[in-house]
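Undergrad: My structure is below; once you've seen it, I'll send some questions.
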Amino acid sequence: MIPTLTWTPEGVRFLDQTRLPLEESYVLATNYEQVAEIIVTMVVRGAPAIGVSAAYGIALGALHTEAKTVQEFAPEFEQICKRLAGTRPTAVNLFWAIDRIKVLFAKLLSSGATLAQIQERILAEAHAMYDEDIAACKTMGAFGGALLPEDGGVLTHCNAGALATCGYGTALGVIRAAVEQGKQIHVYADETRPFLQGARLTAWELMADGIPTTVICDNMAASLMRAGKIKAVVVGADRIAANGDTANKIGTYNVAILAKEHGIPFYVAAPWSTIDLATPNGDAIPIEERPQAEVTHHAGKQLTPNGVGVCNPAFDVTPAKYVTAIITERGVLRAPYTASLREMETVAG
Ligand code: MRU
């Protein structure tokens, strides 16, 4: 299993994703501020992994507090949550994880728990989220694997794999499960400009599993589809609104339109923690704008003329009408998503 993030007695150990695939190195976070920095700089990235990282960040903050009483710690707890919530705005899993710890904290406060009990329970909750994340990926993999073709090319965008979760992956979990079911899948991985999650991370983790993979530049997908090389698309998500509109890595929307034009199914795989029923549609999803240097430079080398205008939205929204199905650990949802998401929330929530 790829050790995306691991709890150790010293702190949280992160596989440094900014250095992959050339270097497999680790960064240790011993306090919540370091976890926040690690999320901002994308040493760890991917919606589910960010959420669990934030939960461990709060645990570190609680364990290392200088407060002597719960009352003294309470304002510090708010500050820790605020710092971690301010790291990346689009992946709702971040806010889902922080809110879950906040609810626990409020419950413990009102039950008169001691600081030591609170520290222990927050860490236990973070561990639970970690385990649940892997379990959710495996279950959605089993549901989604069944939807993929018996053989042929499957396109994915960005990295929604083990590296974006606590293990196994969402979109790549679906692909892994299909391969485990005996299907002969060949993955086409969009390189995913500008941060190259596809070229660097998806390629690295699929090769480690021996799954046949071809990296393509983002602008090659249309011509591969036209040539009949892509039988399905499967991507992850950072936030799915109540109507099924889906925010994912910038460029996902292009792929969805291309898939529709070529009659290719377009699947979104995500855990229920990515579903945001409080956000009515894609227009209400906040889109992170990343530093211009991610576009103007590569590996420290300048690519563009000084002073040129640059925009760098990290995500885009794919309207629900392009989504063939949403694969979750609760089951596979179909349009109309407003009804199917609401129904699944009520039945399984
Ligand atoms: O900017 P990133 O690398 O955090 O973006 C990641 C994605 O867009 C993933 O597709 C998404 O978070 C789903 S990960 C299971």
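Undergrad: Sort out which residues of region 13-44 are touching a strand residue (DSSP E or B) at 6+ places or on another chain (Cβ under 6 Å) and open to solvent by 60 Å² or more (accessible area, probe 1.4 Å), and write them in order of number.
TA: Within region 13-44, Arg13, Tyr26, Leu28 qualify.
Undergrad: Please go through region 246-277 and pick out each residue that is more than 11 Å from the ligand (Cβ to nearest atom) and assigned to a strand (DSSP E or B). Before the answer, list the steps.
TA: Taking region 246-277 and keeping what is more than 11 Å from the ligand (Cβ to nearest atom), we get 253-267, 272, 275-277.
Of everything in region 246-277, those that are more than 11 Å from the ligand (Cβ to nearest atom) and assigned to a strand (DSSP E or B) turn out to be Phe266, Tyr267, Ile275, Asp276.
Undergrad: Let me ask something additional. Would you point out which residue out of Gly51, Gly61, Gly46, Gly57 is within 11 Å of the ligand (Cβ to nearest atom) and within 17 Å of Ile122 (Cα to Cα)? So that I can check it myself, show each step before the final result.
TA: Values: Gly61 fails: within 11 Å of the ligand (Cβ to nearest atom); Gly46 fails: within 17 Å of Ile122 (Cα to Cα); Gly57 fails: within 11 Å of the ligand (Cβ to nearest atom).
Selected residue: Gly51, the only one of Gly51, Gly61, Gly46, Gly57 that is within 11 Å of the ligand (Cβ to nearest atom) and within 17 Å of Ile122 (Cα to Cα).
Undergrad: Now for a different question. Would you point out the residue of region 152-184, among those that are open to solvent by less than 10 Å² (accessible area, probe 1.4 Å) and more than 15 Å from the chain's Cα centre (by Cα), that is farthest from the ligand (Cβ to nearest atom)?
TA: Across region 152-184, the extreme among qualifying residues is Gly153.
The values are calculated or read from the model by the stated rules, or taken from the named source; none is laboratory data. Remember, predicted model here, so these are calculated numbers, not experimental data. Cβ sites come from the backbone with ideal geometry, for glycine too, and all protein chains shown count toward neighbours. Side chains are part of the model used for accessible areas, which takes the heavy atoms of the whole protein and leaves out ligands, DNA and RNA. Shrake-Rupley method; radii C 1.70, N 1.55, O 1.52, S 1.80 Å.
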